[in-house]
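First the structure, in the form of structure tokens, and then the observations on it.
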Amino acid sequence: MNSNKITIDIKRFKVFFILMLLGFFFVESCISEDEFGLSSFKEVKAFQLPGQAGLTSINKELRSIIIPMSEEAQLIDLIPSIIEISNLANISPSKNEPQNFLEPVSYTVTAEDNSTAVWTVTAIPALPNPQLPNSDFDLWYNVGRYQQPGESAENTVWGTANRALAIAGDANTNPEDLGDGDFAARLTSVSAPLLVRMAAATLFTGKFTDKFPNPTDPRSNIDFGTPFNGRPNAFKLDYIYIPGSSYEDADGNLLLGGDQCDIYVLLEKRDGNNIQRIGTGWFRSGIEVANWENLVIDIKYGELTPSDLEYEYANIQDGESWGLGSATPTHITVVFSSSALGDFFTGAIGSELWINNFELIY
């Protein structure tokens, strides 16, 4: 038998096998709130308002939702930008109905079995000089065989790619216990299962989506960013970086140089699908840092120029544009990655980035 045909058949089998795993995982995740008979689930999973300045806090026991709002936000005749509820449930008032959020607003969620729950949404003024919750990475919650940073899935601004990795391997973003209740996040570039050579670990503000996982295009499964309206001058954190020994491209070819970590903050003004970059703070380095070191990175407001060291890799993405540096952001994207070119499956297996005590400086 032709050896090339054998190789092709093996590759096809691998693709078929991983797609079966992904399909099973996807179906299982989609029906997690379904059951035999009529569903009784009536939860509010996500709620956001235009002009929101920070993380929505959802209390399942009290059925209360607290939303911090920017000072200039208009609260009268406001239509929520995001409402996510349980599968097969309905909500009243409807998602597209404007409300007066100067006072608490009650929403009734009706389950498939016609049982109801009343949720109260309260908009409050945001604190000045906001920080991101759990930016010391001390809180982690369990999801099956792995952990995620945050108080819970409903109350966190942080996401990882652990969900995709855990389908056929181990999570590569994990808590590291430093003692006395202090935890760090440890990100490790790992050998990936079947379809790609390696998977860089990534921790970011946003969430890994519920759509069908695409292991060959990691960014397609990520919604980056969280509501935010501060204007920090810089950010700081403690970090360790140990690059792996063999720096290779997606096909396993050795490359010159070495792996690099990525740590960056993007301040954005969003209006629907229109995303404008307001500010940029970016650190990329392949220098080994074996012991904890404090890092401080300035945030530049306005468009980057060729004189900026990060100009080549920190520019706007397709579908984005530059906004005025004097504008107030509506969102912040924070990203940590153990391999800077991990999106292209380029990097060194075994590269480790440890992060702790992230803080925005005003």
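Within the stretch 275-316, list the residues whose amide N lies under 18 Å from a label point set 7 Å along Cα→Cβ of residue 359.
Residues 292-299 qualify, since their backbone N sits under 18 Å from the label point.
Quick one: Karplus J couplings for the stretch 318-333, per residue in order, coefficients 6.51, -1.76, 1.60, θ = phi - 60°, nearest Hz, x for Gly and Pro?
4, x, 10, 8, 7, x, 5, x, 8, 6, 8, x, 10, 9, 10, 10
If you wrap the stretch 222-362's Cα atoms in a convex hull and average its projection over all directions, what's the area in nm²?
Quarter of the Cα hull surface area: 9.1 nm².
Report the Cα-based extents of the stretch 32-189 along its three principal axes, largest first, to the nearest Å.
48, 46, 26
Return the carbon/sulfur percentage of the accessible area of the chain, one whole number, probe 1.4 Å, all protein chains in place.
52
Under a point-charge model restricted to the Cβ atoms of Lys and Arg (+1) and Asp and Glu (-1), what is the dipole moment magnitude of the stretch 259-362 relative to its Cα centre, in debye to the nearest 20?
So the dipole magnitude of the stretch 259-362 works out to roughly 300 debye.
Compute the relative contact order of the stretch 284-362 as a whole-number percentage, counting only Cα pairs closer than 8 Å that sit 6 or more residues apart in sequence.
Contact order relative to length: 21 percent.
Hey, what number do you get for the chain at 222 nm if only DSSP H runs of n ≥ 4 count, each worth -39500 (n - 2.57), divided across all residues, to the nearest 500?
Using -39500 (n - 2.57) per qualifying helix, the result is -3000 deg cm²/dmol.
Aspartates and glutamates near residue 269 by alpha-carbon distance under 12 Å, same-chain residues fewer than 8 away left out - which ones?
Straight-line reach from residue 269, under 12 Å: 320.
What is the set of long-range amide H partners of residue 150 at a cut-off below 5 Å, with H atoms built 1.01 Å from backbone N?
It is 139, 140, 141, by chain and number.
What are the residues whose amide H is under 5 Å from the amide H of residue 233, where those residues sit 5 or more places off or on another chain and H is modelled from the backbone?
361, 362
In a Gaussian network model over the chain where Cα atoms closer than 10 Å are linked, find which of 147, 131, 317 has the largest mean-square fluctuation.
With Cα springs under 10 Å in the chain, the top fluctuation among 147, 131, 317 is at 317.
Give me P(r) over the chain, computed from all C-alpha to C-alpha distances, binned every 10 Å, as integer percentages.
The percentages, shortest bin first, are 5, 21, 30, 26, 13, 4, 1, 0.
Where the only charges are on Cβ atoms (+1 Lys, Arg; -1 Asp, Glu), what is the dipole of the chain about its Cα centre, to the nearest 20 debye?
Value, rounded to 20: 720 debye.
With θ taken as phi - 60° and the coefficients 6.51, -1.76 and 1.60, list the Karplus ³J(HN,Hα) couplings across the stretch 300-312 in order, rounded to whole Hz; mark glycine and proline as x.
Working through the residues one at a time gives 9, 9, x, 6, 6, 10, x, 7, 7, 4, 8, 4, 5 Hz.
With N denoting the number of residues in the stretch 246-326, provide Rg(C-alpha) divided by 2.2 N^0.38 Å, to two decimal places.
Rounded to two decimals, the normalised Rg is 1.34.
Taking all protein chains together and a probe of 1.4 Å, list 95, 236 from the most accessible to the least accessible.
Order by accessible area, largest first: 95, 236.
How charged is the neighbourhood of residue 255? Take every other residue with its Cβ under 12 Å from the Cβ of residue 255, and add Lys/Arg as +1 and Asp/Glu as -1.
-4
For residue 80, what charge total do you get from the other residues with a beta carbon under 14 Å from its beta carbon, if Lys and Arg give +1 and Asp and Glu give -1?
With Lys, Arg at +1 and Asp, Glu at -1, the neighbours total -1.
Averaged over every viewing direction, what's the projected area of the C-alpha convex hull for the stretch 101-249? Give it in nm², one decimal, please.
If I average the Cα hull's projected area over directions, I get 13.4 nm².
The values are calculated or read from the model by the stated rules, or taken from the named source; none is laboratory data. Given the structure is predicted, the values throughout are model-derived calculations rather than measurements. In this analysis, Cβ positions are derived from the backbone assuming ideal geometry, glycine residues included, and neighbour counts consider all displayed protein chains. These area figures cover heavy atoms from the full protein model, side chains too; ligands, DNA and RNA do not enter into them. Shrake-Rupley method; radii C 1.70, N 1.55, O 1.52, S 1.80 Å.
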